[in-house]
1. Can you give the calculated 222 nm mean residue ellipticity of the chain, where each DSSP H run of n ≥ 4 adds -39,500 (n - 2.57) and the sum is split over every residue, rounded to the nearest 500 deg cm²/dmol?
2. Which loop chymotrypsin sites (Phe, Trp or Tyr not before Pro) in segment 118-185, with loop taken from DSSP, have no more than 16 other Cβ atoms within 10 angstrom of their Cβ?
3. Among the trypsin sites (Lys or Arg not before Pro) in segment 15-91, which ones are in a DSSP loop with at most 14 other Cβ atoms within 10 Å of the Cβ? Mind listing them?
4. So, with a 1.4 angstrom probe, what is the percent of accessible area on the chain that is carbon and sulfur?
5. Once fully extended, how much extra length lies between Ser48 and Ile96, figured as 0.36 nm per residue of separation less the alpha-carbon to alpha-carbon distance?
6. Under a 1.4 Å probe, what is the accessible area of segment 50-185 per residue, stated in Å²?
7. [x] 45; [y] 56; [z] 50: which one is percent of Cα pairs over 22 Å apart as calculated from this entry?
Amino acid sequence: MTAFRKTHFPLGQIRRHLEPGPIVLISSAWKGQTNIMTMGWHVMLSFSPALFGTYIWDGNHSFEMLRRSKECVTNVPTVDLIEEVVGIGNSSGDRIDKFKEFGLTPVPGLVVRAPAIKECYASFECQLIDAKLIPKYGLFIWRVVKAHVAASVKSPQTIYYRGQGVFMVAGRTINRRRKFKPQNL
């Protein structure tokens, strides 16, 4: 076991070590318009029902679309979409059609009106179930109502944002399933 020598670290940069999950692309639809936003600030809140929380800044073009439509699709890209992920994050949907601009294919949702992204290995259709924390914190609480995952992808190379333009790619898998208590799986 390694003992690490630590130094003081700027509080404004701790996200580089605490980002909760892979980068996702949130797709939305409202009044005939669609949009996609790149997101790293999200968290699973419950497994059954599947509840998912997202932080969305009120200055983001998607904010009002999501708040008003009360639905979205959370799409999980792999490393082969890194340029699209960065481009989507650096552009605004009020100026361009991000599906067309980045060559992505919208797929109609089965439950929600927001489109999924065909090129992402997983897509989760979501409905807003709790809006109380949106005004104060920008925290949307979603219930996943339909899941689509490419069964052929066994170890997806998902990407994680480390801050300051640096990403990390999911690495090797370590299986310790046999050591878990069944209720903790």
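The values are calculated or read from the model by the stated rules, or taken from the named source; none is laboratory data. On a predicted model such as this, the values are computed, not experimentally measured, just so you know. As a convention, Cβ positions derive from the backbone with ideal geometry for all residues, glycine included, and neighbour counts pool all protein chains shown. Areas reflect the complete protein model, heavy atoms only, side chains present, ligands, DNA and RNA absent. Shrake-Rupley method; radii C 1.70, N 1.55, O 1.52, S 1.80 Å.
1. The helix contribution divided over the chain gives -3500 deg cm²/dmol.
2. Working: sites: Tyr121, Phe124, Tyr137, Phe140, Trp142, Tyr160, Tyr161, Phe167, Phe180; in loops: Tyr121, Phe180.
Taking segment 118-185 and a limit of 16 other Cβ atoms within 10 Å, the loop chymotrypsin sites (Phe, Trp or Tyr not before Pro) found are Phe180.
3. Numbers: sites: Arg15, Arg16, Lys31, Arg67, Arg68, Lys70; in loops: Lys31, Lys70.
Those satisfying the criteria are Lys31.
4. Carbon with sulfur: 54 percent of the solvent-accessible area.
5. Details: separation 48, 0.36 × 48 = 17.28 nm, distance 3.71 nm.
Separation in residues times 0.36 nm, less the Cα-Cα distance, equals 13.6 nm.
6. For segment 50-185, the per-residue accessible area is 61 Å².
7. Working out percent of Cα pairs over 22 Å apart from the coordinates points to [z].
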